[in-house]
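Notes follow the structure.
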Amino acid sequence: MLDLFLIIWIILLVFGLITFIYGFPAMIKVGPIPTSKKGTEKAVALADIKPGENFYELGCGEGRVLVKTVEKYDCFGVGYELVIPYYLLAKLRARLSKKSKNINVRCQNFFKADLRDADVIFCFLTPGLMQKLGKYFQEQELKKGVRIVSYAFKIRNLEPERIIKHSKENWNIYMYRL
Ligand SMILES: C[S@@+](CC[C@H](N)C(=O)[O-])C[C@H]1O[C@@H](n2cnc3c(N)ncnc32)[C@H](O)[C@@H]1O
């Protein structure tokens with residue numbers, strides 16, 4: 001019994017250390033700040049996702065938005081996350097979902113992602129990353145009519161089709177259609 005507790009303690013300690021080592025730099029750079037539940041729901045609803053469409057989340061964190069969206073809209077979800085502990089949590093959350101077969105979590109830099117299949121792309125990042133992503137989107141062969149939803153930050157040089165305010169945080173949500 002004591003051995004089992006010791007093993008659990010060691011696992012938690014190792015996991016905590018990994019989280020700190022890998023997570024801390026990214027927390028400073030991008031922030032692990034999960035979007036508020038209501039804000040996320042509003043943002044995703046803007047894209048008007050249809051069953052069977054492909055929803056991509058760039059920087060999916062611990063996977064809450066990704067999994068909830070797939071479950072709610074009966075779509076397919078692909079999430080990209082670089083920070084290993086978040087990626088593992090997202091993977092676990094996806095595995096436990098009743099729609100697990102429709103969810104794919106990748107531990108990969110989203111600037112190397114193949115987005116040709118995406119119908120909807122969701123991101124909650126930083127102004128700098130959104131600017132880079134704007135360029136990246138323009139260089140990619142994206143589907144005609146792909147909807148891009150950005151929580152909080154604009155994509156420079158692109159005209160949003162809709163902007164709504166999320167009153168709680170006083171942030172805007174932007175929806176683009178390419
Ligand atoms: C502000 S969090 C948002 C998490 C989640 N989308 C949500 O709304 O709750 C941004 C996430 O993007 C991830 N990220 C930042 N740059 C990335 C990159 N180039 N490739 C993959 N993930 C990245 C960060 O590790 C972080 O988990």
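A few notes on this one:
- Given (1) at pLDDT 95 or above; (2) surrounded by fewer than 24 Cβ atoms within 10 Å (Cβ to Cβ), index of the condition Val70 fails: (2)
- Qualifying residue in the range 114-131 (condition: under 28 Å from Ile163 (Cβ atoms), free of Cβ contacts under 8 Å to residues at least 24 places away in the same chain and not acidic (Asp, Glu)): yes
- Single residue of the range 138-174 satisfying the filter (in contact (Cβ under 8 Å) with a residue 24 or more places away in the chain, under 11 Å from Leu46 (Cβ atoms) and surrounded by fewer than 20 Cβ atoms within 10 Å (Cβ to Cβ)) that is nearest to the ligand (Cβ to nearest atom): His166
- Enumeration of residues in the range 40-66 that are part of a helix (DSSP H, G or I), free of Cβ contacts under 8 Å to residues at least 60 places away in the same chain and crowded, with 20+ Cβ neighbours inside 10 Å: Val65, Leu66
- Residue list for the range 97-125, filter: farther than 23 Å from Gly39 by Cα, in a helix (DSSP H, G or I) and either within 11 Å of the ligand (Cβ to nearest atom) or touching a helix residue (DSSP H, G or I) at 6+ places or on another chain (Cβ under 9 Å) (or both): Ser100, Asn102, Phe111, Lys112
The values are calculated or read from the model by the stated rules, or taken from the named source; none is laboratory data. Bear in mind that the values here come from a model prediction, so they are computed numbers and not experimental data. Backbone-built Cβ (ideal geometry, glycine too); neighbour counts: all protein chains shown.
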